[in-house]
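Take a look at the structure set out below.
The values are calculated or read from the model by the stated rules, or taken from the named source; none is laboratory data. These numbers were taken from a predicted model, which means no experiment stands behind them. Cβ placement follows ideal geometry from the backbone for every residue including glycine, while neighbour counts extend to all protein chains displayed. Note: accessible area is taken over every heavy atom of the protein model, side chains too, but ligands, DNA and RNA are not part of it. Shrake-Rupley method; radii C 1.70, N 1.55, O 1.52, S 1.80 Å.
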Amino acid sequence: MISCGKAENPILCATRGCGFYGTSSNHNLCSQCYKAFLKEEEAKIVAALSDNISSLTIHDDDSQGTTTENVSSTMKIKQRCMICKKKVGLIGFSCRCDQGMFCRVHRYPEEHECTFNFKSTGRVTLAKENPLCKADKLETRI
C-alpha cells in the first residue's frame, strides 16, 4: 500500500523537546513552536525595518548635500493656532505673512495682526498682467 503523506520516521520537536512531533516543512518544529518561531522572525524583521525607516536620507537635485530627517519626530508635530494655541489639524489656514498656522477664527488678516501688504502685491500683479496701452493721438502722422 502507498501511504498518503505520512512520515515513516516521526521526528520530535527540535526546540524544547516538548514531546510533540515536528515536520521537515516546519524546520522540524511542532505547530506551537513553529508559530512562536514565526513571531520571533517577524519581530526581528519589524525591528530591522524600523531602524532603516527611522532616519531617511533625502537627496535634493538643487543642492549637492544631503539632509537627514527623523521620521518619528516629524510625525509627532501637532499644528496649533499661533494666537489661541488651539489644535487645527487638517483644517489649519496658513497666511502669506509666514507667521504659521491659524484656526478658523484667526485666519483673517485683521484677527492675527498680519504684516503682509496685500494692496501692494495686488497692484504689482495687476501691473504685470495688464500692460498700459496708449494709442497715438495723431492718426494721420507719418
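Does region 80-101 contain any residue that is at pLDDT 85 or above, surrounded by 15 or more Cβ atoms within 10 Å (Cβ to Cβ) and under 30 Å from ASP51 (Cα atoms)?
There is at least one residue in region 80-101 that is at pLDDT 85 or above, surrounded by 15 or more Cβ atoms within 10 Å (Cβ to Cβ) and under 30 Å from ASP51 (Cα atoms).
Looking at region 119-137 only, could you name the residues that are open to solvent by 90 Å² or more (accessible area, probe 1.4 Å) and assigned to a helix (DSSP H, G or I)?
The answer is LYS119, ARG123, LEU126, LYS128, GLU129.
Do you know which of the residues in region 15-41 that are among the polar types (S, T, N, Q) and part of a helix (DSSP H, G or I) is most open to solvent (accessible area, probe 1.4 Å)?
Residue satisfying both the conditions and the ranking: GLN32.
Has region 42-62 got any residue that is modelled with pLDDT under 75 and of a type in the set (Gly, Ala, Ser)?
For region 42-62, residues modelled with pLDDT under 75 and of a type in the set (Gly, Ala, Ser): present.
List pairs: first in region 92-107 and over 8 Å from MET82 (Cβ atoms), second open to solvent by 30 Å² or more (accessible area, probe 1.4 Å) and among the aliphatic types (A, V, I, L, M), Cβ under 8 Å, 6+ apart or cross-chain?
GLY92/MET101; PHE93/MET101; SER94/MET101; CYS103/ILE83; ARG104/ILE91
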